[in-house]
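The values are calculated or read from the model by the stated rules, or taken from the named source; none is laboratory data. Keep in mind the model is a prediction, meaning the values are calculated, not measured. Methodologically, a virtual Cβ is constructed for each residue, glycine included, from the backbone with ideal geometry; neighbour enumeration extends over all protein chains shown.
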């Protein structure tokens, strides 16, 4: 019996070692940074005291995703972020959800670095992306970004849920939210501050543990892919008076916080319309809320990527995401940067650069 148990133990030890090596050097298990929330600001980012670079993979077969790198400030970026001391060179901040977080594309090819290359490094481009970010999260992040980095131009990503989910008080205790108080709509701070599992730093050093949790999602919630669910036809979510009031609140709040800056709202292209050649389509709910509220020639403008992506697809036939994940791939980040470029140049010119 003792020999049998010894053999079983040796076999199990060998199997664990083999699987550890296999998920490191064979099928690469997903490498993922540890989430971190600043107690003083409530801002979500990533923990720079743990692993700061790695490679993503998707699903049980470890399909390839992007390479990532955490910078000095805890964001997925090839650039380190610094307080501003040179005001002759403009600074751009891109704020968004998982499309800007960008796990499906290599970090050096994200929209931020691509835009900076197109601008020939005449501007600094800082990106602030976190999965599931809503407009309430954008508004909560804005004082932090403004105080530490002082951008001249903001680019904010639109989605299907950015405004509507901001009104869901119970969406997450760790997120900013908007709710009525005595004076009307107001931004409320997270009710709790996220704290890491103290065993995670040890457990997720193991490639086998990462494979089981992130790739097989055993014991984990299904990953929220944050897709813009832009639907064709009448099945799209309606724009209600409540959502219009929330849209006005966000525009007024952004203007109060950064009155001397410019804000471009960027909407992903409707892929269904692009790939199927549909001339009639619905944009995401955020876009449809804001398009009736934004007055031309003010600090706000909007960019819909659909027609730019449609024209690009008709010429190059390149899709804009991996077939197994809806987020922008490397090619899409480059296309989005090209579409955004003339709007950025025009706004920077208006600002005197």
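General remarks:
- Any chance residue 11 is in contact with a helix residue (DSSP H, G or I) (Cβ under 9 Å, 6 or more places away or on another chain) and surrounded by 10 or more Cβ atoms within 10 Å (Cβ to Cβ): no
- Yes/no for residue 251 being under 24 Å from residue 125 (Cβ atoms) and in contact with a strand residue (DSSP E or B) (Cβ under 8 Å, 6 or more places away or on another chain): yes
- For the range 196-210, a tally of residues being in contact (Cβ under 8 Å) with a residue 24 or more places away in the chain and either under 22 Å from residue 48 (Cβ atoms) or exposed (fewer than 11 other Cβ atoms within 10 Å of the Cβ) (or both) returns 7.
- Within the range 90-104, being touching a residue at least 40 places away in the same chain (Cβ under 8 Å) and either under 12 Å from the mean Cα position of the chain (by Cα) or within 18 Å of residue 32 (Cβ to Cβ) (or both) holds for 94, 95, 96, 97, 98, 99, 100, 102, 103, 104.
- Yes/no for residue 78 being touching a residue at least 24 places away in the same chain (Cβ under 8 Å), closer than 24 Å to residue 283 by Cα and either touching a helix residue (DSSP H, G or I) at 6+ places or on another chain (Cβ under 7 Å) or part of a loop (DSSP other than H, G, I, E, B) (or both): no
- Total residues in the range 1-43 satisfying the condition of being touching a strand residue (DSSP E or B) at 6+ places or on another chain (Cβ under 6 Å) and farther than 18 Å from residue 200 by Cα: the figure is 1.
- Count of the range 329-345 residues, restricted to those that are in a helix (DSSP H, G or I) and under 16 Å from the mean Cα position of the chain (by Cα), is 6.
- Output for the range 105-130, where each listed residue is touching a strand residue (DSSP E or B) at 6+ places or on another chain (Cβ under 9 Å), part of a loop (DSSP other than H, G, I, E, B) and either surrounded by fewer than 21 Cβ atoms within 10 Å (Cβ to Cβ) or free of Cβ contacts under 8 Å to residues at least 12 places away in the same chain (or both): 106, 119, 123
- Options 66, 54; residue that is crowded, with 19+ Cβ neighbours inside 10 Å and modelled with pLDDT under 95: 66
- Of all the numbered requirements in (1) part of a loop (DSSP other than H, G, I, E, B); (2) surrounded by 15 or more Cβ atoms within 10 Å (Cβ to Cβ); (3) at pLDDT below 95, residue 73 misses one, and that requirement is (3).
- In the range 233-268, the residues that are assigned to a helix (DSSP H, G or I) and over 30 Å from residue 151 (Cβ atoms): 233, 234, 235, 241, 242
- Of the strands (runs of 3 or more DSSP E) entirely within the range 1-66, those holding at least 2 residues that are more than 30 Å from residue 146 (Cα to Cα) and in contact (Cβ under 8 Å) with a residue 60 or more places away in the chain occupy 53-58.
- The residues on offer are 166, 172, 159, and the sole one that is in contact (Cβ under 8 Å) with a residue 40 or more places away in the chain and under 16 Å from residue 254 (Cα atoms) is 166.
- Listing of helices (runs of 4 or more DSSP H) fully contained in the range 269-328 that carry 2 or more residues being out of contact with any helix residue (DSSP H, G or I) (no Cβ under 8 Å at 6 or more places or on another chain) and under 30 Å from residue 64 (Cβ atoms): 271-276, 306-316
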